[in-house]
Amino acid sequence: MNRTLISVVVANALIISTSAFALENQRGFKIEDSIYDTVLNDAMQFGGHVGTSYEYEDKDVTDYASWGGDFNERTKVHEIFGVFYKNSKWDFSALYALKQVDRNKTNKNSSYSELEESYRHLMSLNKGFDLGSGWTTGLIYDLEYTSGKIYSTSGTQGLKSTKGEHSVRPYLTYWNNTYNAGFYTNLEYLYNNEDKSLWGTREEEGYSFLFKPYKRMGNWEFAVEFYYQIKENDAKNGDGSVNEISDFTEKYIEPIVQYSFEDAGTLYVRTRIGENETKISDGWAKDEDYFKDIRKATIGYEQAIGSDWLVKAEYEWAKDDETFTLKEGESKTVEQSTFFAQALYRF
(Lines give C-alpha, C1' and ligand atoms only; values in the text may rest on other atoms or scores of the structure.)
Protein backbone atom coordinates (compact mmCIF):
# COMPACT_ATOMS: atom_id res chain seq x y z
CA MET A 1 0.00 0.00 0.00
CA ASN A 2 2.77 2.40 0.91
CA ARG A 3 4.76 1.31 -2.10
CA THR A 4 1.77 1.99 -4.32
CA LEU A 5 1.27 5.42 -2.79
CA ILE A 6 4.93 6.27 -3.24
CA SER A 7 4.80 5.09 -6.84
CA VAL A 8 1.80 7.30 -7.52
CA VAL A 9 3.47 10.31 -5.89
CA VAL A 10 6.70 9.79 -7.86
CA ALA A 11 4.79 9.29 -11.10
CA ASN A 12 2.79 12.46 -10.52
CA ALA A 13 5.97 14.38 -9.68
CA LEU A 14 7.64 13.16 -12.88
CA ILE A 15 4.57 14.12 -14.92
CA ILE A 16 4.48 17.58 -13.37
CA SER A 17 8.26 18.07 -13.86
CA THR A 18 8.11 16.83 -17.43
CA SER A 19 5.14 19.05 -18.17
CA ALA A 20 6.86 22.05 -16.61
CA PHE A 21 10.06 21.34 -18.57
CA ALA A 22 8.09 20.94 -21.78
CA LEU A 23 6.20 24.15 -21.10
CA GLU A 24 9.44 26.00 -20.38
CA ASN A 25 10.99 24.74 -23.60
CA GLN A 26 7.83 25.58 -25.47
CA ARG A 27 7.95 29.12 -24.12
CA GLY A 28 11.63 29.34 -25.05
CA PHE A 29 10.86 28.19 -28.56
CA LYS A 30 8.03 30.67 -28.74
CA ILE A 31 10.40 33.49 -27.79
CA GLU A 32 12.97 32.37 -30.36
CA ASP A 33 10.28 31.91 -32.97
CA SER A 34 8.90 35.35 -32.11
CA ILE A 35 12.30 37.02 -32.62
CA TYR A 36 12.84 35.12 -35.85
CA ASP A 37 9.35 35.99 -37.10
CA THR A 38 9.85 39.67 -36.21
CA VAL A 39 13.15 39.91 -38.11
CA LEU A 40 11.70 37.99 -41.05
CA ASN A 41 8.58 40.15 -41.13
CA ASP A 42 10.67 43.32 -40.99
CA ALA A 43 12.93 42.04 -43.78
CA MET A 44 9.90 41.39 -45.95
CA GLN A 45 8.73 45.01 -45.66
CA PHE A 46 10.61 46.07 -48.77
CA GLY A 47 10.38 47.40 -52.28
CA GLY A 48 12.87 47.68 -55.09
CA HIS A 49 13.50 46.85 -58.70
CA VAL A 50 15.32 44.57 -61.10
CA GLY A 51 16.48 45.73 -64.49
CA THR A 52 19.01 46.07 -67.23
CA SER A 53 20.75 48.91 -69.07
CA TYR A 54 23.00 49.65 -72.03
CA GLU A 55 25.56 52.44 -72.43
CA TYR A 56 27.61 53.44 -75.46
CA GLU A 57 30.43 55.97 -75.17
CA ASP A 58 32.32 57.40 -78.14
CA LYS A 59 35.45 59.34 -77.17
CA ASP A 60 37.52 61.31 -79.69
CA VAL A 61 40.98 62.55 -78.62
CA THR A 62 42.94 65.16 -80.53
CA ASP A 63 46.42 65.45 -79.03
CA TYR A 64 48.40 68.49 -80.10
CA ALA A 65 51.36 67.53 -77.92
CA SER A 66 54.53 66.55 -79.80
CA TRP A 67 54.74 63.27 -77.85
CA GLY A 68 51.06 62.40 -78.06
CA GLY A 69 48.78 60.91 -80.68
CA ASP A 70 45.19 61.19 -81.88
CA PHE A 71 42.93 58.25 -81.17
CA ASN A 72 39.31 57.16 -80.90
CA GLU A 73 37.93 55.07 -78.03
CA ARG A 74 34.55 53.34 -77.99
CA THR A 75 33.19 51.73 -74.82
CA LYS A 76 30.10 49.54 -74.62
CA VAL A 77 28.65 48.73 -71.20
CA HIS A 78 25.83 46.18 -70.97
CA GLU A 79 24.28 45.75 -67.54
CA ILE A 80 23.36 42.08 -67.63
CA PHE A 81 21.15 42.52 -64.59
CA GLY A 82 20.80 44.73 -61.56
CA VAL A 83 18.74 44.31 -58.40
CA PHE A 84 17.84 46.99 -55.86
CA TYR A 85 16.40 46.31 -52.38
CA LYS A 86 14.97 49.03 -50.11
CA ASN A 87 13.57 48.44 -46.64
CA SER A 88 11.75 51.49 -45.31
CA LYS A 89 11.34 49.97 -41.83
CA TRP A 90 15.12 49.61 -41.44
CA ASP A 91 15.89 52.69 -43.55
CA PHE A 92 18.31 50.52 -45.51
CA SER A 93 18.93 49.87 -49.19
CA ALA A 94 21.29 47.69 -51.22
CA LEU A 95 22.18 47.46 -54.90
CA TYR A 96 24.05 44.85 -56.94
CA ALA A 97 24.71 44.99 -60.66
CA LEU A 98 26.75 42.88 -63.08
CA LYS A 99 28.00 44.61 -66.23
CA GLN A 100 29.87 43.48 -69.33
CA VAL A 101 32.32 46.07 -70.66
CA ASP A 102 34.05 46.20 -74.06
CA ARG A 103 36.54 49.02 -74.72
CA ASN A 104 38.15 49.50 -78.12
CA LYS A 105 40.91 52.08 -78.60
CA THR A 106 42.38 52.83 -82.04
CA ASN A 107 44.95 55.38 -83.16
CA LYS A 108 43.67 57.53 -86.02
CA ASN A 109 46.68 56.66 -88.15
CA SER A 110 45.88 52.95 -87.60
CA SER A 111 49.31 52.33 -86.08
CA TYR A 112 47.90 50.82 -82.89
CA SER A 113 44.70 49.31 -81.56
CA GLU A 114 43.71 47.98 -78.17
CA LEU A 115 40.77 45.87 -76.96
CA GLU A 116 39.76 45.33 -73.35
CA GLU A 117 37.02 42.87 -72.40
CA SER A 118 35.91 42.84 -68.78
CA TYR A 119 33.15 42.26 -66.25
CA ARG A 120 32.23 44.87 -63.69
CA HIS A 121 30.55 44.19 -60.35
CA LEU A 122 28.85 47.09 -58.58
CA MET A 123 27.68 46.88 -54.96
CA SER A 124 26.15 49.72 -52.93
CA LEU A 125 24.93 49.75 -49.31
CA ASN A 126 23.03 52.66 -47.74
CA LYS A 127 21.94 52.92 -44.08
CA GLY A 128 19.96 56.01 -43.14
CA PHE A 129 18.87 57.53 -39.83
CA ASP A 130 15.89 59.85 -39.37
CA LEU A 131 16.79 62.80 -37.13
CA GLY A 132 13.32 64.37 -37.23
CA SER A 133 12.12 67.84 -38.29
CA GLY A 134 13.14 67.19 -41.91
CA TRP A 135 16.71 66.07 -41.13
CA THR A 136 18.21 62.70 -42.11
CA THR A 137 21.72 61.33 -42.10
CA GLY A 138 23.35 58.10 -43.15
CA LEU A 139 26.32 56.26 -44.58
CA ILE A 140 26.87 54.88 -48.10
CA TYR A 141 29.50 52.35 -49.14
CA ASP A 142 30.13 51.68 -52.84
CA LEU A 143 32.39 49.05 -54.35
CA GLU A 144 33.02 48.69 -58.07
CA TYR A 145 35.26 45.80 -59.06
CA THR A 146 36.35 45.22 -62.66
CA SER A 147 38.25 42.21 -63.98
CA GLY A 148 39.24 41.74 -67.61
CA LYS A 149 41.85 41.07 -70.26
CA ILE A 150 43.60 43.38 -72.74
CA TYR A 151 44.64 42.58 -76.31
CA SER A 152 46.65 44.89 -78.58
CA THR A 153 48.41 44.97 -81.93
CA SER A 154 51.73 45.49 -80.13
CA GLY A 155 51.74 41.85 -79.07
CA THR A 156 49.76 41.98 -75.83
CA GLN A 157 47.48 38.96 -75.70
CA GLY A 158 45.24 38.41 -72.69
CA LEU A 159 46.97 40.81 -70.30
CA LYS A 160 45.08 40.52 -67.00
CA SER A 161 43.61 43.75 -65.64
CA THR A 162 41.79 44.34 -62.34
CA LYS A 163 40.48 47.49 -60.71
CA GLY A 164 38.76 48.09 -57.39
CA GLU A 165 37.06 51.41 -56.63
CA HIS A 166 35.92 52.07 -53.05
CA SER A 167 33.82 54.99 -51.82
CA VAL A 168 32.61 55.74 -48.27
CA ARG A 169 30.20 58.68 -47.97
CA PRO A 170 28.55 59.99 -44.80
CA TYR A 171 25.68 62.27 -45.84
CA LEU A 172 23.18 64.76 -44.45
CA THR A 173 19.85 65.88 -45.95
CA TYR A 174 17.25 68.46 -45.04
CA TRP A 175 13.77 69.14 -46.43
CA ASN A 176 11.39 71.99 -45.51
CA ASN A 177 7.72 71.44 -46.45
CA THR A 178 6.85 75.10 -45.94
CA TYR A 179 9.32 76.35 -48.52
CA ASN A 180 9.42 73.19 -50.69
CA ALA A 181 13.21 73.35 -50.54
CA GLY A 182 16.08 71.37 -49.10
CA PHE A 183 19.62 70.20 -49.63
CA TYR A 184 21.82 67.12 -49.86
CA THR A 185 25.48 67.09 -48.84
CA ASN A 186 28.14 64.45 -48.35
CA LEU A 187 31.79 63.92 -47.61
CA GLU A 188 33.63 61.13 -49.39
CA TYR A 189 36.68 59.00 -48.84
CA LEU A 190 37.78 57.18 -51.99
CA TYR A 191 40.40 54.57 -52.74
CA ASN A 192 41.08 53.04 -56.16
CA ASN A 193 43.56 50.26 -56.91
CA GLU A 194 44.32 49.19 -60.49
CA ASP A 195 46.64 46.36 -61.57
CA LYS A 196 47.52 45.82 -65.25
CA SER A 197 50.13 43.11 -64.72
CA LEU A 198 53.20 43.86 -66.87
CA TRP A 199 51.89 47.34 -67.63
CA GLY A 200 52.05 48.34 -63.98
CA THR A 201 49.83 49.42 -61.10
CA ARG A 202 48.07 52.59 -60.00
CA GLU A 203 46.68 53.67 -56.63
CA GLU A 204 44.46 56.69 -56.00
CA GLU A 205 43.39 57.97 -52.59
CA GLY A 206 41.47 61.13 -51.85
CA TYR A 207 38.54 63.05 -50.44
CA SER A 208 35.66 65.02 -51.90
CA PHE A 209 32.84 67.29 -50.76
CA LEU A 210 29.46 67.78 -52.46
CA PHE A 211 26.68 70.24 -51.62
CA LYS A 212 23.39 70.29 -53.53
CA PRO A 213 20.54 72.68 -52.61
CA TYR A 214 17.25 72.26 -54.50
CA LYS A 215 13.85 73.94 -54.77
CA ARG A 216 10.51 72.65 -56.07
CA MET A 217 7.98 74.95 -57.73
CA GLY A 218 4.94 73.10 -58.99
CA ASN A 219 6.10 70.66 -61.65
CA TRP A 220 9.57 72.23 -61.72
CA GLU A 221 12.62 71.39 -59.65
CA PHE A 222 15.78 73.50 -59.66
CA ALA A 223 19.07 72.39 -58.14
CA VAL A 224 22.78 73.05 -58.32
CA GLU A 225 25.71 70.83 -57.33
CA PHE A 226 28.95 72.23 -55.90
CA TYR A 227 31.81 69.74 -55.89
CA TYR A 228 35.44 69.71 -54.78
CA GLN A 229 37.93 66.82 -54.74
CA ILE A 230 41.57 66.27 -53.81
CA LYS A 231 43.40 63.05 -54.65
CA GLU A 232 46.90 61.55 -54.54
CA ASN A 233 48.02 59.26 -57.36
CA ASP A 234 50.82 56.70 -57.23
CA ALA A 235 51.52 54.78 -60.45
CA LYS A 236 54.31 52.25 -61.00
CA ASN A 237 55.62 50.43 -64.05
CA GLY A 238 55.59 46.66 -64.32
CA ASP A 239 59.14 46.46 -62.96
CA GLY A 240 58.20 48.50 -59.88
CA SER A 241 59.79 51.78 -60.96
CA VAL A 242 57.91 55.06 -60.55
CA ASN A 243 55.68 56.01 -63.46
CA GLU A 244 53.82 58.91 -61.85
CA ILE A 245 53.40 60.43 -58.43
CA SER A 246 50.97 63.32 -58.54
CA ASP A 247 48.40 65.45 -56.74
CA PHE A 248 44.99 65.97 -58.33
CA THR A 249 42.33 68.59 -57.58
CA GLU A 250 38.95 69.10 -59.24
CA LYS A 251 36.04 71.48 -58.75
CA TYR A 252 32.83 72.06 -60.67
CA ILE A 253 29.39 73.60 -60.51
CA GLU A 254 26.43 71.79 -62.10
CA PRO A 255 22.99 73.44 -62.42
CA ILE A 256 20.06 71.01 -62.83
CA VAL A 257 16.56 71.71 -64.14
CA GLN A 258 13.81 69.07 -63.99
CA TYR A 259 10.18 69.12 -65.14
CA SER A 260 7.58 66.45 -64.33
CA PHE A 261 4.67 66.27 -66.77
CA GLU A 262 1.16 65.80 -65.42
CA ASP A 263 0.29 62.72 -67.46
CA ALA A 264 3.76 61.63 -68.58
CA GLY A 265 7.32 61.32 -67.29
CA THR A 266 10.13 63.57 -66.15
CA LEU A 267 12.51 65.56 -68.34
CA TYR A 268 15.80 66.83 -66.91
CA VAL A 269 18.83 68.81 -68.08
CA ARG A 270 22.21 69.10 -66.36
CA THR A 271 25.18 71.28 -67.32
CA ARG A 272 28.61 71.05 -65.71
CA ILE A 273 31.37 73.64 -65.79
CA GLY A 274 34.60 72.96 -63.95
CA GLU A 275 38.33 72.49 -63.99
CA ASN A 276 40.96 70.18 -62.60
CA GLU A 277 44.72 70.19 -62.20
CA THR A 278 47.33 67.43 -61.94
CA LYS A 279 50.73 68.29 -60.43
CA ILE A 280 53.33 65.60 -61.11
CA SER A 281 56.15 65.45 -58.54
CA ASP A 282 57.92 62.35 -59.87
CA GLY A 283 57.93 60.05 -62.88
CA TRP A 284 58.36 60.33 -66.63
CA ALA A 285 56.72 63.79 -66.67
CA LYS A 286 58.29 65.13 -63.46
CA ASP A 287 57.40 68.75 -62.56
CA GLU A 288 54.71 68.86 -65.25
CA ASP A 289 51.29 70.43 -64.53
CA TYR A 290 48.14 69.48 -66.44
CA PHE A 291 45.20 71.90 -66.49
CA LYS A 292 41.85 70.74 -67.79
CA ASP A 293 38.69 72.74 -68.51
CA ILE A 294 35.52 70.66 -68.12
CA ARG A 295 32.29 71.21 -70.02
CA LYS A 296 29.46 68.70 -69.90
CA ALA A 297 25.75 68.71 -70.78
CA THR A 298 23.20 65.96 -70.12
CA ILE A 299 19.58 65.60 -71.18
CA GLY A 300 17.41 62.71 -70.02
CA TYR A 301 13.85 61.47 -69.79
CA GLU A 302 12.16 59.00 -67.42
CA GLN A 303 8.76 57.42 -68.07
CA ALA A 304 6.66 55.06 -65.98
CA ILE A 305 4.82 52.37 -67.92
CA GLY A 306 1.90 51.14 -65.89
CA SER A 307 2.56 50.70 -62.19
CA ASP A 308 5.47 48.27 -62.53
CA TRP A 309 7.86 49.48 -65.24
CA LEU A 310 10.17 52.49 -65.49
CA VAL A 311 12.24 53.30 -68.57
CA LYS A 312 14.95 55.92 -68.93
CA ALA A 313 16.99 57.36 -71.80
CA GLU A 314 19.87 59.81 -71.56
CA TYR A 315 22.36 61.58 -73.81
CA GLU A 316 25.54 63.21 -72.51
CA TRP A 317 28.04 65.40 -74.34
CA ALA A 318 31.38 66.40 -72.83
CA LYS A 319 34.46 68.28 -73.96
CA ASP A 320 37.72 68.68 -72.03
CA ASP A 321 40.57 70.95 -73.09
CA GLU A 322 43.89 70.08 -71.46
CA THR A 323 47.07 72.20 -71.44
CA PHE A 324 50.61 71.48 -70.21
CA THR A 325 52.91 73.97 -68.47
CA LEU A 326 56.24 72.50 -69.62
CA LYS A 327 55.10 72.19 -73.21
CA GLU A 328 53.90 75.69 -73.96
CA GLY A 329 51.45 75.88 -76.85
CA GLU A 330 50.71 72.15 -76.74
CA SER A 331 47.31 70.83 -75.65
CA LYS A 332 44.87 67.94 -75.84
CA THR A 333 41.13 67.95 -76.54
CA VAL A 334 38.82 65.12 -75.51
CA GLU A 335 35.28 65.15 -76.88
CA GLN A 336 32.82 62.39 -76.08
CA SER A 337 29.19 61.42 -76.57
CA THR A 338 27.43 58.91 -74.33
CA PHE A 339 24.07 57.23 -74.91
CA PHE A 340 22.35 55.44 -72.04
CA ALA A 341 19.12 53.41 -71.90
CA GLN A 342 17.60 51.58 -68.92
CA ALA A 343 14.54 49.49 -68.13
CA LEU A 344 13.45 48.65 -64.57
CA TYR A 345 10.72 46.39 -63.19
CA ARG A 346 9.59 47.69 -59.79
CA PHE A 347 8.18 45.55 -57.00
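Based on Cα contacts under 8 Å between residues 6+ apart, the range 201-261 shows a relative contact order of 36 percent. Any idea what the relative contact order of the range 59-172 is, in percent, if you count C-alpha pairs under 8 Å spaced at least 6 apart? Relative contact order for the range 59-172 comes out at 19 percent.
Accessible surface for the range 158-284, divided over its residues, is 56 Å² per residue with a 1.4 Å probe.
Computed on protein heavy atoms with a 1.4 Å probe, the accessible areas place Trp135, Trp220 in the order Trp220, Trp135, largest first. Residues whose amide H falls under 5 Å from that of Gly200, counting only those 5 or more places apart or on a different chain, are Gly238, with hydrogens built in the peptide plane. For the chain, the longest principal axis of the alpha carbon atoms and the long axis of helix 2-43 meet at an angle near 20°.
Highest mean first, the peptides 124-133, 315-324 sorted by other C-beta atoms within 10 Å per residue fall in the order 315-324, 124-133.
Determine the calculated [θ] at 222 nm for the chain from helices alone, applying -39500 (n - 2.57) to every DSSP H run no shorter than 4 residues and normalising by the residue count; nearest 500 deg cm²/dmol. Helix contribution divided over all residues of the chain: -4500 deg cm²/dmol. When both the range 242-318 and the range 112-169 are represented by their alpha-carbon centers, they are found 17 Å apart.
Residue-wise HN-Hα couplings along the range 133-138, as the Karplus relation 6.51 cos²θ - 1.76 cosθ + 1.60 with θ = phi - 60° gives them from phi, are 6, x, 9, 9, 9, x Hz; Gly and Pro carry x.
Counting only protein heavy atoms and using a 1.4 Å probe, what share of the accessible area of the range 137-225 belongs to carbon plus sulfur, as a whole percent?
57
Here the relative contact order of the chain, from alpha carbon pairs under 8 Å that lie six or more residues apart, stands at 12 percent. The residue list Pro170, Ser147, Leu131 was ranked by how far each Cα lies along the charge dipole of the range 116-173 toward its positive end, using unit charges on Cβ atoms, and Ser147 comes out on top. Principal axis extents of the Cα atoms in the chain, from largest to smallest and rounded to whole angstrom, are 118, 58, 36. Amide H to amide H, with H built 1.01 Å from N, Asp70 comes under 5 Å of Asp63, Lys108, counting only residues 5 or more places away or on other chains. In a reduced charge model with +1 at each Lys and Arg Cβ and -1 at each Asp and Glu Cβ, the chain shows a dipole moment near 1360 debye about its Cα centre. Think of the chain as having a plus end and a minus end, set by charges on the Cβ of Lys, Arg, Asp and Glu; of Tyr228, Ser307, Tyr189, Ser307 sits farthest toward the positive end of this dipole. Note that the range 139-154 has calculated 3J(HN,Hα) couplings of 9, 10, 10, 10, 10, 10, 10, 10, 9, x, 9, 10, 10, 8, 6, 8 Hz, one per residue in order, obtained from phi through the Karplus relation 6.51 cos²θ - 1.76 cosθ + 1.60 (θ = phi - 60°); glycine and proline are x.
The values are calculated or read from the model by the stated rules, or taken from the named source; none is laboratory data. Everything numeric in this text was worked out from a predicted model, so none of it was measured. Glycine also receives a Cβ, built like all others from the backbone with ideal geometry; neighbour counts cover every protein chain displayed. In case anyone asks, the SASA skips ligands and DNA or RNA and just uses the protein heavy atoms, side chains included. Shrake-Rupley method; radii C 1.70, N 1.55, O 1.52, S 1.80 Å.
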